[in-house]
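Here the structure is laid out as structure tokens; the discussion comes afterwards.
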Amino acid sequence: MPAVLGFEGSANKIGVGVVRDGVVLANPRRTYVTPPGTGFLPGATARHHRAVILDLLQEALTEAGLTSKDIDCIAYTKGPGMGAPLVSVAVVARTMAQLWNKPLLGVNHCIGHIEMGRLITGATSPTVLYVSGGNTQVIAYSEHRYRIFGETIDIAVGNCLDRFARVLKISNDPSPGYNIEQMAKRGKKLVELPYTVKGMDVSFSGILSFIEDVTQRMLATGECTPEDLCFSLQETVFAMLVEITERAMAHCGSQEALIVGGVGCNMRLQEMMETMCQERGARLFATDERFCIDNGAMIAQAGWEMFRAGHRTPLSESGVTQRYRTDEVEVTWRD
């Protein structure tokens, strides 16, 4: 019954989770929140993570009712993500592994999301829509790899939403994407925006540039409201995501779709995906904000799978990388 401690800190969330045999024992998390109209810089984010990570570690162990002796392995996010935050968390993971004499595992952040989604929802072999502030991919498992069938060719969908939130000076608390979602519910007018799907891939930089350019003029002339623009942006980018996910499901013959990543807890995206799945006779699986948003338990769960499959990360190879593709990892723990 191995218990795995997981550290996640690839962006503005810092989390420490404990998982034992498919049961999440603890999953505390903190968020670095910046003022409206601003994003989060790597250096400042790393300083936030360093300030709270030891308190989170103690909180996780207390909540799980475990001590260092009960931990069998320590997992951390190797990448992808922001360099400085990744390093700040990896240093703590390496230090604890040496102090406690525990094996270390570097985990791919994207695979952490997928394995947590599979654990929580019970999906067996889904087509995965992975949507977050840093990544946008459509993924399916085949022959010991999570294969990327489609992805963004520029910025991630979450980054597109977050940057538009800065234009409107929307609060970053609890997150800009969540606040856009709430404003979009009050939108009544659909503003036509660029729709860019290229085969299995999507592009969000053009739609962002367009809406950044027209926002102030349209608001000043009364053509629409901020709520209308939030509604229009959501409807357009989510339609693009649903389209490429459906195409991947058709290619794979899949009857399951799983949404993971921070944007995945958006209820409008889940609603649109559910409609598509019902029309195909397929099932949709999704989680709530506890597990969609970056968290330590997802790294612990992926680490648990890797640990049981015999994976270990030597100290000499325990660095981080800002670019670490989902399909680089050999998934030896699945048939």
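The values are calculated or read from the model by the stated rules, or taken from the named source; none is laboratory data. Small disclaimer: the values here were computed from a predicted structure and weren't measured. Here the Cβ positions follow ideal geometry from the backbone for every residue, glycine too, while neighbour counts run over all protein chains shown. These accessible areas exclude ligands, DNA and RNA; they are computed on the full protein's heavy atoms, side chains included. Shrake-Rupley method; radii C 1.70, N 1.55, O 1.52, S 1.80 Å.
Numerical summary
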| read-out | value |
| --- | --- |
| Global form of segment 253-335, assessed from the alpha-carbon gyration tensor, a/c cut-off 1.5 | prolate |
| Mean separation of Cα contacts under 8 Å, 6 or more apart, over the residue count of the chain: relative contact order % | 27 |
| Segment 67-82 versus segment 135-162: alpha-carbon centroid distance in Å | 24 |
| Of all accessible heavy-atom area on segment 1-70, the percent that carbon and sulfur account for (1.4 Å) | 56 |
| The chain - charge dipole about Cα centre, Lys and Arg +1 at Cβ, Asp and Glu -1, debye rounded to 20 | 640 |
| Cysteines not pairable in the chain (beta carbon separation under 4.7 Å absent) | 73, 110, 160, 224, 230, 252, 277 |
| For segment 152-194, with +1 on Lys and Arg beta carbons and -1 on Asp and Glu, the positive-most of 190, 174, 159 along the dipole | 190 |
| Point-to-point label distance, residue 144-residue 243, nm (Cα→Cβ direction, 7 Å offset) | 3.7 |
| Length released on extending from residue 267 to residue 99, taking residue separation times 0.36 nm less the Cα-Cα span | 56.2 nm |
| Rounded to 10°, Cα long-axis angle of helix 267-280 versus longest principal axis of the chain | 90 |
| Cα gyration tensor, segment 39-169 - rounded (a/c under 1.5), prolate or oblate | oblate |
| Inter-label distance for residue 283 and residue 189, nm, one decimal - labels placed 7 Å from Cα along Cα-to-Cβ | 4.4 |
| Segment residue 209-residue 309, length gained on full extension (0.36 nm per residue, minus Cα span) | 31.5 nm |
| Stokes-Einstein D (µm²/s) once Rh is taken as the Kirkwood radius of segment 123-284 over alpha-carbon pairs, at 25 °C in 0.890 mPa s | 153 |
| Dipole-positive endmost among 19, 53, 41 within segment 16-60 (Cβ charges, Cα centre) | 41 |
| Segment 247-335: chymotrypsin sites (Phe, Trp or Tyr not before Pro) falling in loop per DSSP and having at most 16 other Cβ within 10 Å | 333 |
| Compactness relative to 2.2 N^0.38 Å, alpha carbon Rg of the chain | 0.99 |
| Heavy-atom accessible surface of segment 123-284: percent carbon and sulfur, 1.4 Å | 48 |
| Contact order normalised by residue count of segment 123-284, Cα under 8 Å, 6+ apart, percent | 29 |
| Using alpha-carbon coordinates, inclination of helix 296-308 to the longest axis of the chain, degrees | 50 |
| The chain, accessible area per residue, ligands and nucleic acids excluded (1.4 Å, Å²) | 41 |
| Semi-axes of the equivalent ellipsoid for segment 212-251, Cα gyration tensor, largest first, Å | 31, 8, 5 |
| Segment 170-253 - charge dipole about Cα centre, Lys and Arg +1 at Cβ, Asp and Glu -1, debye rounded to 20 | 120 |
| Segment 170-212 shape via C-alpha gyration tensor axes, a/c threshold 1.5 | prolate |
| Derived scalar couplings ³J(HN,Hα) [segment 172-180; Karplus, 6.51 cos²θ - 1.76 cosθ + 1.60; whole Hz; x for Gly, Pro] | 8, 10, x, 6, x, x, 5, 5, 5 |
| Relative contact order of segment 56-189, defined on C-alpha pairs under 8 angstrom at six or more residues apart (%) | 14 |
| Nearest-20 debye value, segment 123-284 charge dipole, Cβ charges on Lys, Arg, Asp, Glu | 120 |
| Loop-resident sites, segment 264-335, for trypsin sites (Lys or Arg not before Pro), counting at most 16 other Cβ within 10 Å (DSSP) | 312, 323, 325, 334 |
| Angle between the chain longest axis and helix 226-252 axis [Cα atoms, degrees, rounded to 10] | 60 |
| Reach of residue 78 by Cα under 29 Å, taken over lysines that are not fewer than 8 positions away in the same chain | 13, 69, 102 |
| Distance (nanometres) between label positions extended 7 Å along Cα→Cβ at residue 322 and residue 154 | 1.9 |
| Distance from segment 257-335 to segment 13-50 (C-alpha centre basis), Å | 17 |
